[in-house]
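Okay, structure first, notes after.
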Amino acid sequence: MKTFFNKNKVLKIALITYLIAIFPFGFVKTEYYFMSPGPPYQWEIEIKDEKIYDFDGNLYQLTVRRDEANYFVYAWANLNSQIDLYPREVILPDGVTPQELSEISIQNMITSENVAIAVALETLGYDVESEGDGVLVVGLLDDSPVKDKLYKNDLITSINNQIVKSSTEFISLLKTYDIGDIVEIGLVRNEEDITIKTTLIEHVEYENEPMVGFLASTPNQKFVYPFEVDINTGNVGGPSAGMMMALNVYNLLTENDITAGNKIAGTGTIEIDGSVGPVGGVKQKVIAAKRANASLILVPTANYLEASVFSDENTSIVAVDSFEEALDVISDFSSR
């Protein structure tokens, strides 16, 4: 190529001139978000006033990089199979700014961290108490059936008269219903109690998962632990780290290292009942795990078909539905 351009100086000058001319345009944002593999994380966890046990293996949380795509990134994504593009409205619900989305993502990580710690401690036999004010509506999807029924800042407090005190309780309760079911949602709007009915639709990212069609957070959610546990999550956001955070906390408090020195990676949300839920960007996360030479990769059952195409003789990819099942899979793998 270099020889070709040396022989065709006019073409070389023309190409350079063209690239310089379009260079500023390349940074203009498109109507798409991109998702690419992110770095695996081995969380730094501090536990006070309780004995901990270091372990030799790894329990990597898998991440993705997600951001608005400019035209350079858009072009590169169409050439690179490891990067996926999503229409803006799929990632950014109506009425939510990119800054608000980032703040919501961080808040979801904080909630996920608290739930993960609670699940790990309860599995080990510790008592954990939790409380919250309900489920706050922070944005609505464009095609949501509740777009004219729910509004930003509505506080949801029940589904079919069953009280919900947090977004994790809300999601766990939704999973007991099917797509197409009609549910009654109780909420508070401007200090007035209101009920609405809506039909559950399929999740925009997770196949066969029901959803209402809004973005949520939990105001004033608190957990009371028997001792202090702090996970340094840095600037990583979103709820998909839950399962792996719970496994890390569990292993630090368990004398026998569940990893047995293996490199284990995974992804999956976690609810207060220990159930593991689907995540976005599983393809990119599995690619990141293979780059880190993980020998076992745990994924939610709902994401397994997409993830399983990357399995090979050096990589086992296993689907799990719960925290207990994840522990069983790791135990079987580590005892081989």
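Check whether at least one residue in region 134-146 is out of contact with any helix residue (DSSP H, G or I) (no Cβ under 8 Å at 6 or more places or on another chain), under 29 Å from Asn232 (Cβ atoms) and outside any strand (DSSP E or B), and report yes or no.
Within region 134-146 (the criterion being out of contact with any helix residue (DSSP H, G or I) (no Cβ under 8 Å at 6 or more places or on another chain), under 29 Å from Asn232 (Cβ atoms) and outside any strand (DSSP E or B)), the answer is yes, since at least one residue qualifies.
Filter region 161-177 down to the residues that are closer than 19 Å to Ser144 by Cα and in a loop (DSSP other than H, G, I, E, B) and list them by number.
Answer for region 161-177, where residues must be closer than 19 Å to Ser144 by Cα and in a loop (DSSP other than H, G, I, E, B): Lys175, Tyr177.
If you go through region 102-131, how many residues are in a loop (DSSP other than H, G, I, E, B) and either surrounded by 22 or more Cβ atoms within 10 Å (Cβ to Cβ) or without any contact (Cβ under 8 Å) to a residue 40 or more places away in the chain (or both)?
1
I'm checking my understanding of the structure. Among residues of region 296-316 that are more than 20 Å from Ala241 (Cβ to Cβ) and of a type in the set (Gly, Ala, Ser), which one is modelled with the highest pLDDT?
Ser316
Of (1) closer than 15 Å to Leu59 by Cα; (2) aliphatic (A, V, I, L, M); (3) surrounded by 18 or more Cβ atoms within 10 Å (Cβ to Cβ), Ala292 satisfies all except one. Which?
Only one criterion in (1) closer than 15 Å to Leu59 by Cα; (2) aliphatic (A, V, I, L, M); (3) surrounded by 18 or more Cβ atoms within 10 Å (Cβ to Cβ) is unmet by Ala292, namely (3).
When only residues in region 269-285 that are assigned to a strand (DSSP E or B) and of a type in the set (Gly, Ala, Ser) count, which is surrounded by the most Cβ atoms within 10 Å (Cβ to Cβ)?
Looking at the filtered set, the residue picked out is Gly277.
Which one is nearest to Glu205 (Cα to Cα), of the residues in region 140-156 that are surrounded by fewer than 20 Cβ atoms within 10 Å (Cβ to Cβ) and either in the same structural domain as Arg88 (by TED's automatic domain parsing) or not acidic (Asp, Glu) (or both)?
Pro145
Of the residues in region 56-79, how many are in contact with a Gly (Cβ under 7 Å, 6 or more places away or on another chain) and either at pLDDT below 80 or over 28 Å from Gly242 (Cβ atoms) (or both)?
3
Test Gln82 against the criterion of being assigned by TED's automatic domain parsing to the domain that holds Gly281, at pLDDT 85 or above and polar (S, T, N, Q), and give yes or no.
When the stated conditions are applied, Gln82 passes them.
Which members of region 254-268 meet the condition of being under 17 Å from Ile45 (Cβ atoms) and either crowded, with 20+ Cβ neighbours inside 10 Å or in contact with a Ser or Thr (Cβ under 7 Å, 6 or more places away or on another chain) (or both)?
Ile258, Thr259, Ile264, Ala265, Gly266
Could you grab me the full set of residues in region 226-243 that are under 10 Å from the mean Cα position of the chain (by Cα) and on the phi > 0 side of the Ramachandran plot?
Within region 226-243, Gly238 is the sole residue that qualifies.
Kindly indicate which of Tyr18, Tyr53 is of a type in the set (Phe, Trp, Tyr) and modelled with pLDDT under 75.
Of the residues listed, the single one that is of a type in the set (Phe, Trp, Tyr) and modelled with pLDDT under 75 is Tyr18.
Could you list all residues from region 150-209 that are of a type in the set (Gly, Ala, Ser) and within 30 Å of Ala307 (Cβ to Cβ)?
Ser166, Ser167, Ser172, Gly180
Could you run through region 81-95 and say how many residues are over 13 Å from Tyr33 (Cα atoms) and in contact (Cβ under 8 Å) with a residue 24 or more places away in the chain?
Final tally of qualifying residues: 3.
Please pick out the residue among Ala307, Ala288, Ala319, Ala265 that is in a strand (DSSP E or B), of a type outside the set (Ser, Thr, Tyr) and more than 22 Å from Thr111 (Cα to Cα).
Ala319 is the lone residue from the list that is in a strand (DSSP E or B), of a type outside the set (Ser, Thr, Tyr) and more than 22 Å from Thr111 (Cα to Cα).
Against the definition (crowded, with 21+ Cβ neighbours inside 10 Å, part of a strand (DSSP E or B), touching a residue at least 24 places away in the same chain (Cβ under 8 Å) and in the same structural domain as Leu85 (by TED's automatic domain parsing)), how does Val249 come out, yes or no?
It is false that Val249 is crowded, with 21+ Cβ neighbours inside 10 Å, part of a strand (DSSP E or B), touching a residue at least 24 places away in the same chain (Cβ under 8 Å) and in the same structural domain as Leu85 (by TED's automatic domain parsing).
Strands (runs of 3 or more DSSP E) wholly in region 178-232 with at least 1 residues that are loosely packed, with under 14 Cβ neighbours inside 10 Å - which ones?
In region 178-232, 182-189, 192-199, 222-224, 229-232 are the strands (runs of 3 or more DSSP E) which contain 1 or more residues that are loosely packed, with under 14 Cβ neighbours inside 10 Å.
Hey, can you tell me all the residues within region 32-78 that are part of a helix (DSSP H, G or I) and buried (at least 17 other Cβ atoms within 10 Å of the Cβ)?
Val73, Tyr74, Ala77
The values are calculated or read from the model by the stated rules, or taken from the named source; none is laboratory data. In this text the structure is predicted, and so the values were computed from the model without any measurement. Every residue, glycine as well, gets a Cβ built from its backbone with ideal geometry; the counts of neighbours run over all protein chains shown.
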